[in-house]
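Participant: Mind having a look at this structure? Questions to follow.
Derivation of every value follows stated rules applied to the coordinates shown; laboratory data play no part. Computed from a predicted structure; not experimentally measured. Here Cβ is always computed from backbone atoms with ideal geometry, including for glycine, and neighbour counts include all displayed protein chains.
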Amino acid sequence: MARWRLLLMKTLIASFALMFGALDIGHSIELPKGYVLAEDSTSPDGRYDVTVPLMDELENDPTAHNSIVDLKSGDALGAIKANTGWDHMNHTSIMPTQWSPDSSLVLWYVDGKWFPWAYVLIKIEDGRIAWQTDMLKEAQKAILARTKEAAPEAYAAAKKDNEGSGSAFPEGFSVDVEASEPVGLPLKLNVSLTANPKGIEGKPNVESHMEAIVDKEGKFVVKTFALGPGKSSRF
């Protein structure tokens, strides 16, 4: 029994050493004022992480953004080109960052109430950002255009009914994007659109869904499209 306890103690000590060692790497770099590292965002190899601006300090700074940083050098690889994820926002939260096993791909996901606030796939090569694809914006453009062409009257009625919804709702519609797991290339995506995410009775509505991929060059490619409810878990 004593031997078993000694082995357990050594295992726990080793685990804590590894954990605190990883934290030391992350906290040893000097971040710009008003930024912190996102929770649950370190790459599998421990080299990269993502910065998040602090709402209390940078709320009025139009240049505030998220960046990929190198934890060894402290250098920023570049900004994530999407809606900014802050340390705290209403109805919005930064999700645990998904990486490919080799740390060459990162899926940056900031969740919103009815659809993602930011949904970006980033390719890292030789310590730099090779490309990044704003999957939310690409999906919105593609499914809106196809839905409008397939059901012009229903599209126009729903768009008019949803006027004033805000810039987060393109043309007044809700568009959800969900990627397959694990993260890899090509990355498969399910895209769903609705004009009535709350399911309000009597409200003009049109729904559609689409399958797409992000290919090895970072290009967003539509594979299938159809009218009707999609596979979204939100609406």
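Participant: Put a dot 7 Å past each Cα toward the Cβ at residue 88 and residue 55; how far apart are the dots in nm?
Facilitator: Modelled inter-label distance: 0.7 nm.
Participant: Now for a different question. Taking the Cα-to-Cβ direction at residue 161 and at residue 224 and moving 7 Å from each Cα, how far apart do the two end points lie in nm?
Facilitator: 2.7 nm
Participant: Contour minus end-to-end for residue 201 and residue 215, with contour as 0.36 nm per residue of separation and end-to-end as the Cα-Cα distance?
Facilitator: My answer for the length gained is 1.1 nm.
Participant: In nm, what is the difference between 0.36 nm times the number of residues separating residue 188 and residue 145 and their Cα-Cα distance?
Facilitator: Contour length minus the Cα-Cα distance gives 13.5 nm.
Participant: Next question. Once phi is turned into θ = phi - 60°, what whole-Hz ³J(HN,Hα) does the Karplus curve with 6.51, -1.76 and 1.60 give for every residue of region 35-42, x standing for Gly and Pro?
Facilitator: For region 35-42, the Karplus curve yields 10, 9, 7, 5, 6, 6, 10, 6 Hz.
Participant: Which whole-Hz ³J(HN,Hα) couplings does region 115-130 yield from phi under the Karplus relation 6.51 cos²θ - 1.76 cosθ + 1.60, θ = phi - 60°, glycine and proline marked x?
Facilitator: Rounded to whole hertz, the list is 6, x, 8, 8, 8, 10, 9, 10, 9, 10, 9, 6, x, 9, 7, 7.
Participant: Another question, then. Taking a 25 Å limit on the Cα-Cα distance, which of the listed pairs 81/219; 160/219; 188/231; 148/223 fall beyond it?
Facilitator: Numbers: 81/219 15 Å; 160/219 32 Å; 188/231 13 Å; 148/223 18 Å.
Flagged as over cut-off: 160/219.
Participant: Relative to the Cα centre, what is the charge dipole magnitude of the chain, using +1 at the beta carbon of each Lys and Arg, -1 at the beta carbon of each Asp and Glu, and rounding to the nearest 20 debye?
Facilitator: 620 debye
Participant: Where in the chain are the helices, taken as whole DSSP H runs, whose Cα atoms extend 24 angstrom or more along the long axis and whose Kyte-Doolittle mean reaches at least 0.5?
Facilitator: Helices passing the filter in the chain: 2-28.
Participant: Moving to a separate point now. In nm, what is the difference between 0.36 nm times the number of residues separating residue 103 and residue 73 and their Cα-Cα distance?
Facilitator: So the chain would gain 9.2 nm between residue 103 and residue 73.
Participant: With a 10 Å Cβ neighbour count serving as the proxy for reagent exposure, in which order, fewest first, do 95, 135 appear?
Facilitator: Details: 95 19, 135 26.
Ranked by crowding around the Cβ, least crowded first: 95, 135.
Participant: Sort 209, 91 by Cβ crowding within 10 Å, fewest neighbours at the top. It would help to have the intermediate numbers written out before the result.
Facilitator: Working: 209 21, 91 9.
Exposure proxy ranking, most exposed first: 91, 209.
Participant: Which loop trypsin sites (Lys or Arg not before Pro) in region 38-136, with loop taken from DSSP, have no more than 16 other Cβ atoms within 10 angstrom of their Cβ? Don't skip to the end; give the middle numbers.
Facilitator: Working: sites: 47, 72, 81, 113, 123, 128; in loops: 47, 72, 81, 113.
In loop regions of region 38-136 (DSSP not H, G, I, E or B), the sparsely surrounded trypsin sites (Lys or Arg not before Pro) are 47, 72, 81, 113.
Participant: Determine the sum of side-chain charges near residue 58: Lys and Arg each +1, Asp and Glu each -1, restricted to other residues whose C-beta is under 10 angstrom from that of residue 58.
Facilitator: Working: positive: 33; negative: 56, 57, 59, 61, 87.
Overall, the nearby charge balance is -4.
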